[in-house]
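The values are calculated or read from the model by the stated rules, or taken from the named source; none is laboratory data. Remember, predicted model here, so these are calculated numbers, not experimental data. For neighbour counting, all protein chains shown are included, and Cβ atoms are generated from backbone atoms with ideal geometry for every residue, glycine included. The area values use the complete protein model at the heavy-atom level, side chains included, leaving out ligands, DNA and RNA. Shrake-Rupley method; radii C 1.70, N 1.55, O 1.52, S 1.80 Å.
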Amino acid sequence: MNTHHNNKEKIVLVINDGLGFNRNTSSKILEECWESLNQDLKEEIKLICANTENININHIISPIISEQIDPNISMDLAKDIIITSRKIRKKLGEAKTVLIRSIVRDISKKYKYIPWVSKFEKLEEIRNEFWSWPTRAYGTWAGFEDSLPTIQGNSETGHQQIGNLTVAKQITMEISESIYNNNFKKNNSINYVIDKAMDTNNDIIISTLLSGMRGDDGGVHSSWKHLEATLNLIFTIKNIPPKKIYIHAILDGRDSYEYGSIKNKNGTGNYLGKLRILLKKYNAENSLRWIVGRSIAMDRDYREESAKKNYDLLTKSSGEKIRNISKLRKYINSLHDSGRTDQDIPPTIISNNNETSKNLESGDTFINLNFRADRQIIITSSLSNTKNILIRESTKRQNKWKLDWVDTNLKLNICTMTEYHPELSNKQKIKVAFNTGSQKNNFLSKWDSFSKSKYILIAESVKSAHMGYFIRGRRETPTSINENSHIIKTFDKSYGIESDTDFYKVPKMRNIEISEFVTEKVLENKHQLIACNLSATDMLGHLLPKRYAEAIEAYESNGEAIYQIARCALKNNYKLIITSDHGNIEDNTSSHTSNDILTTLMSNNSIEPILKKEYIINLYDICPTIAKILNFKPDFEVEEKSAYNGYPFAKLN
């Protein structure tokens, strides 16, 4: 029997993946815009600002008011600034505001600031008409350790924070602390697999994504500190000869500089050069054996062709043969010149002047240093012959695998940095160095304790883990009997999509299908919470600066989808929260950002911002706000540091 909610509050949560705003860039644009305005209009605006307390020029000429407000002022003052700015803009009149917006757009093209280059302005109108809050989605506010530069946000931690009632602490903090206090070298799981290889005179393979040297150059899947600590354990403490160690180096170019494997930018990059220096310290330069781009080695949409290429690289030495590291750099540079970025570098083997190729053999140890789960399940399942995971997950995406390329006789000693999937550690007995565990204060995990109503999670398959495992607080399966889920298959090779770098061919991703499905669920009126992810701004943001025109189309497509969802939601008396998991597309680079994002709350009822000391909020304030709107009072364990507890930022009158 279907449960309808005519007398209950209902809410739609839209996660506009990978959209933040850059205060520095926007300030430069607005400064140039001001200088471009005619003198009469400038005098009119200056006069208004002079006679209005706390209002400055940027509050009036910026496309979105809330982005130009000091995030550290009180909510009470921010509220007054927003209300007054709305009145001033209305008084200026449509013709003048349209003129100002067109000048802003023209200047934004110079800076390639996509949110303001866009001609789709309805999302800006929504932000200005309803209450919007700047929101932190990075650093300690995203569960990372405190560092400089600040660690950028990412989709994994962003969805965990959105789904939590307190800060969702990330495992990287625990791993880094274990290195600092010298416990890393005592880790039972890592030592166990190393000792197994030593006892049988087998080789040790280390797999890692090459980035994460600082907070602003990756750190999404791996950390350079973890690689350094592992090599120190192997070479210095265990005194293992370099000839027994091989490295499977995955090139990034997505969460870091797109050519960062061999080139520098903003003080970071040249990861292969730095790896060579690190290995030279141990006389182990020849340990670097396999190189491959992450779009092949870290696919998460279960493309069998990509998985096979990475598997064959490790087990059959299938790939381009290069004689040494010096020639490798020249080879990668030639691929860059041909238009490829690091993430698309094909499987490559360093043969070290034509010595016998190394293939994985039974008894070898394979240590995977990447700590984020979603992009490591495929390679770990393949190497451990855990076919049921691969069949199940590929079938979910309407892409059932053949798996005739997996060697069922290969028996490795595998250790993963974190738990990638419970079946891998429980059934296959794969060792896990650091147990992540589920987030204890996850909102959805507590749903059945305060509601008998249904909720639904919606995404396309490339973001299925985020609107499942991550938003549930690192839970593969729902704890609630009231959860529904709907996954729309992401465009595949029948559309010319061989890897994530091909998404420029379909820049709107599945936004249309998702918005249509969300509106269908709103009209059905069977779910008290409808949560969806729109992926285009993130997936195309990672293809910047090369795919700038397509990224604009992605941004506008997300905006159109949100607008259609918003119209339907309000018409049918649903509340609506629009947020993001991290910044990305607003900066003309391939990586995530440490910019604030915006959170907007829409309702037919009067929304009352809760007056707080600071205007800015955190992602983990979203579910406490949803709970307040739905009149739920979930129990949770309070964090010792009050700033790490979530608080409602608005209420309904």
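The residues listed here are N604, N595, N573; of these, the one that is closer than 17 Å to G139 by Cβ and assigned to a loop (DSSP other than H, G, I, E, B) is N595. For K79, the requirement of being in contact (Cβ under 8 Å) with a residue 24 or more places away in the chain and over 28 Å from A569 (Cβ atoms) is not met.
Of everything listed in (1) surrounded by 20 or more Cβ atoms within 10 Å (Cβ to Cβ); (2) at pLDDT 95 or above, the single unmet condition for Y257 is (2). Is it the case that some residue within the range 177-197 is in contact with a Gly (Cβ under 9 Å, 6 or more places away or on another chain) and closer than 29 Å to N286 by Cα? There is at least one residue in the range 177-197 that is in contact with a Gly (Cβ under 9 Å, 6 or more places away or on another chain) and closer than 29 Å to N286 by Cα. Cβ-Cβ distances below 8 Å connect the following pairs, each with a first residue in the range 468-490 that is under 25 Å from E516 (Cα atoms), a second residue that is among the aromatic types (F, W, Y) and buried (at least 19 other Cβ atoms within 10 Å of the Cβ), and a separation of six or more residues or different chains: N482/W447; N482/Y455; E483/W447; E483/Y455; N484/Y455. Can you confirm whether S580 is open to solvent by 50 Å² or more (accessible area, probe 1.4 Å) and in contact with a strand residue (DSSP E or B) (Cβ under 8 Å, 6 or more places away or on another chain)? Against the criterion (open to solvent by 50 Å² or more (accessible area, probe 1.4 Å) and in contact with a strand residue (DSSP E or B) (Cβ under 8 Å, 6 or more places away or on another chain)), S580 does not qualify. Within the range 596-609, being in contact with a Phe, Trp or Tyr (Cβ under 6 Å, 6 or more places away or on another chain) and open to solvent by 10 Å² or more (accessible area, probe 1.4 Å) holds for one residue alone: I607. Within the range 288-321, the set of residues being farther than 16 Å from T380 by Cβ, of a type in the set (S, T, N, Q) and touching a residue at least 60 places away in the same chain (Cβ under 8 Å) comprises just one member, S295. Go through the range 65-92 and give me each residue that's assigned to a loop (DSSP other than H, G, I, E, B) and open to solvent by 10 Å² or more (accessible area, probe 1.4 Å). If the condition is that a residue be assigned to a loop (DSSP other than H, G, I, E, B) and open to solvent by 10 Å² or more (accessible area, probe 1.4 Å), then D70, P71, N72, I73, S74 are the ones that fit.
Residues that are in contact (Cβ under 8 Å) with a residue 12 or more places away in the chain and open to solvent by 20 Å² or more (accessible area, probe 1.4 Å) number at least 2 in the following helices (runs of 4 or more DSSP H) confined to the range 113-231: 122-129, 171-180, 188-200, 224-231.
For every residue, the table says whether it meets (1) under 23 Å from Y469 (Cα atoms); (2) not in a loop (DSSP other than H, G, I, E, B).
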{"site": "D502", "(1), (2)": "no, yes"}
{"site": "E513", "(1), (2)": "yes, yes"}
{"site": "C532", "(1), (2)": "yes, yes"}
{"site": "E553", "(1), (2)": "no, yes"}
{"site": "I562", "(1), (2)": "no, yes"}
{"site": "R567", "(1), (2)": "no, yes"}
{"site": "D581", "(1), (2)": "yes, no"}
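Every listed requirement among (1) open to solvent by less than 20 Å² (accessible area, probe 1.4 Å); (2) part of a loop (DSSP other than H, G, I, E, B) is met by T589 save one, (1).
For the range 289-348, filtered to residues that are of a type in the set (G, A, S) and over 24 Å from K400 (Cβ atoms), the residue that is most open to solvent (accessible area, probe 1.4 Å) is S338.
Considering each residue of the range 26-33 in turn, none proves to be of a type outside the set (D, E, K, R), crowded, with 20+ Cβ neighbours inside 10 Å and in a loop (DSSP other than H, G, I, E, B).
Here's the yes/no breakdown for (1) over 30 Å from E258 (Cα atoms); (2) at pLDDT 95 or above; (3) touching a Phe, Trp or Tyr at 6+ places or on another chain (Cβ under 7 Å):
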{"position": "I456", "(1), (2), (3)": "yes, yes, no"}
{"position": "F470", "(1), (2), (3)": "no, yes, no"}
{"position": "T479", "(1), (2), (3)": "yes, yes, no"}
{"position": "E483", "(1), (2), (3)": "yes, yes, yes"}
{"position": "S494", "(1), (2), (3)": "no, no, no"}
{"position": "Y504", "(1), (2), (3)": "no, yes, no"}
{"position": "P507", "(1), (2), (3)": "no, yes, no"}
{"position": "L534", "(1), (2), (3)": "no, yes, no"}
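For the range 474-489, a residue qualifies if it is among the acidic types (D, E) and under 21 Å from Y302 (Cα atoms), and exactly one does: E476.
Residues that are among the acidic types (D, E) and either assigned to a loop (DSSP other than H, G, I, E, B) or more than 23 Å from the chain's Cα centre (by Cα) (or both) within the range 354-407 comprise E355, E361, D364, D374, D404, D407, listed in sequence order.
When each of N442, N426, N399 is tested for being more than 20 Å from T315 (Cβ to Cβ) and open to solvent by less than 10 Å² (accessible area, probe 1.4 Å), the lone residue that passes is N442. Of the residues making up the range 470-500, those that are part of a helix (DSSP H, G or I) and either crowded, with 21+ Cβ neighbours inside 10 Å or touching a Gly at 6+ places or on another chain (Cβ under 6 Å) (or both) are F470, D500. Against the conditions (1) over 28 Å from the mean Cα position of the chain (by Cα); (2) aliphatic (A, V, I, L, M); (3) surrounded by 22 or more Cβ atoms within 10 Å (Cβ to Cβ), where does I237 fall short? Just the number, please. With respect to (1) over 28 Å from the mean Cα position of the chain (by Cα); (2) aliphatic (A, V, I, L, M); (3) surrounded by 22 or more Cβ atoms within 10 Å (Cβ to Cβ), I237 is out only on (3). The numbered conditions (1) under 22 Å from N286 (Cβ atoms); (2) open to solvent by 20 Å² or more (accessible area, probe 1.4 Å); (3) of a type outside the set (D, E, K, R); (4) not in a loop (DSSP other than H, G, I, E, B) are all true for H248 except (2).
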